[in-house]
Amino acid sequence: MPAGCGSLSSPGSGFELMWRYLPPLAAPGRVQMAVDRWLWQVSDRPCLRFYTWSPLAISLGYSQRQIPEHWQHLHWQGQPVELVRRPTGGRAVLHQGDLTYSLVVWGLGQRRRQVYADLCQFLRVGFERLGWPLRLGQERYPANAPINCFARATAADLVLLSGEKVIGSAQAWRGDRVLQQGSLVLTPDPDLWQQVFGSVPHRQSLPPLEVVQTALLEAFEGQWQVKLTPEPLSDREWQEINRMSNLTCGLPL
């Protein structure tokens, strides 16, 4: 197991967990995906970050190809809705009124279902402290899965005890390095959801984004036994990310 990582299920195993925490960032989807891709491929430390999408966007899973024609012409409040491809799998996610997290880590083994459960543990703990206990979804992921990520809750997702899906997550792997991205739907706009997916999400009143983010950060620190302080990307790192983004910006949606 590489230095700097250990089993999430046993954070006191003796490995020094030198996590990096990037401060919250609001940026266009292509920028956010470029940052996550760079962290996944280049970072020399495990990393956690939270971010939001500005302007709002729809992200597509890495292998997702079939999308409604009208998505190419979507506008909301006078602005076009950006379509962005994620490095991770899964289905389409509407990034409006949500909080996105990403984790880059390695050395956790190759049992991917277990890695999902381990990496989602801080989410469960954080929401439970806020009074919203969550459990892992149980549905299988069929070949003809709905285009909307939040229409099904698989073992990679977290749902309220009522069955309502709150957090959808997906992964990408390079060797034993894993990138996990997830969206926490907190305040969805029903009119926009109707326009995009033809349905309105059933949503209870969840805590505000800032409250959720603080609770999750505290839960993460407790699980990994670390104290995280924001460490922004340096100018040099941004230059590398921009170069990588320019190289990949021609990839087809």
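Every number in this text was worked out from the coordinates using simple rules, so none of it is lab data. Please read all numbers here as calculations on a predicted model, not as lab measurements. Every residue, glycine among them, receives a Cβ derived from its backbone with ideal geometry; neighbour counts consider all protein chains shown.
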How high is the relative contact order of the chain, in percent, with contacts defined as C-alpha pairs under 8 Å that are six or more residues apart? 23 percent
Dividing the helical contributions, -39500 (n - 2.57) per DSSP H run of n ≥ 4, by the residues of the chain yields a 222 nm value, nearest 500 deg cm²/dmol, of -8500 deg cm²/dmol
For Arg85, which sequence-distant residues (separation of 5 or more, or a different chain) have an amide H within less than 5 Å of its own amide H, given hydrogens modelled in the peptide plane? Leu60
For the residue pair Glu221 and Ala151, what label-to-label distance in nm results when each label sits 7 Å from Cα along the Cα-to-beta-carbon direction? 4.1 nm
Rg from C-alpha atoms of region 141-192, normalised by the globular rule of thumb 2.2 N^0.38 Å, equals 1.30
Could you give log10 I(q)/I(0) at q = 0.14 Å⁻¹ for region 59-197, computed by the Debye formula over C-alpha point scatterers of equal weight, without solvent? -0.67
Between Val211 and Ser162, what is the label-point separation in nm under the 7 Å Cα-to-beta-carbon projection? 1.6 nm
Dipole axis of region 195-238 (+1 Lys, Arg; -1 Asp, Glu on Cβ), positive-most option in Leu209, Ser199, Gly222: Ser199
Output wanted: per-residue J couplings in Hz (rounded whole) for region 84-100, from phi through Karplus 6.51 cos²θ - 1.76 cosθ + 1.60, θ = phi - 60°, x for Gly and Pro. 9, 9, 7, x, 8, x, x, 10, 5, 10, 8, 9, 9, x, 10, 10, 9
The correct pair for the chain, radius of gyration to one decimal and Dmax as a whole number, both in Å and from Cα atoms, is 17.5, 53
Full extension between Glu82 and Gln110 adds, at 0.36 nm per residue less the Cα distance, a length in nm of 6.7 nm
Restricting to bridges with both residues inside the chain, how much of the DSSP beta-bridge set is antiparallel, in percent to the nearest 5? 70 percent
With +1 on each Lys and Arg Cβ and -1 on each Asp and Glu Cβ, how big is the dipole of region 46-137 about its Cα centre, in debye rounded to the nearest 20? 420 debye
Once whole DSSP H runs in the chain are found, which of them have Cα atoms spread over 15 Å or more along the helix axis and a mean Kyte-Doolittle score of at least 0.0? 209-224
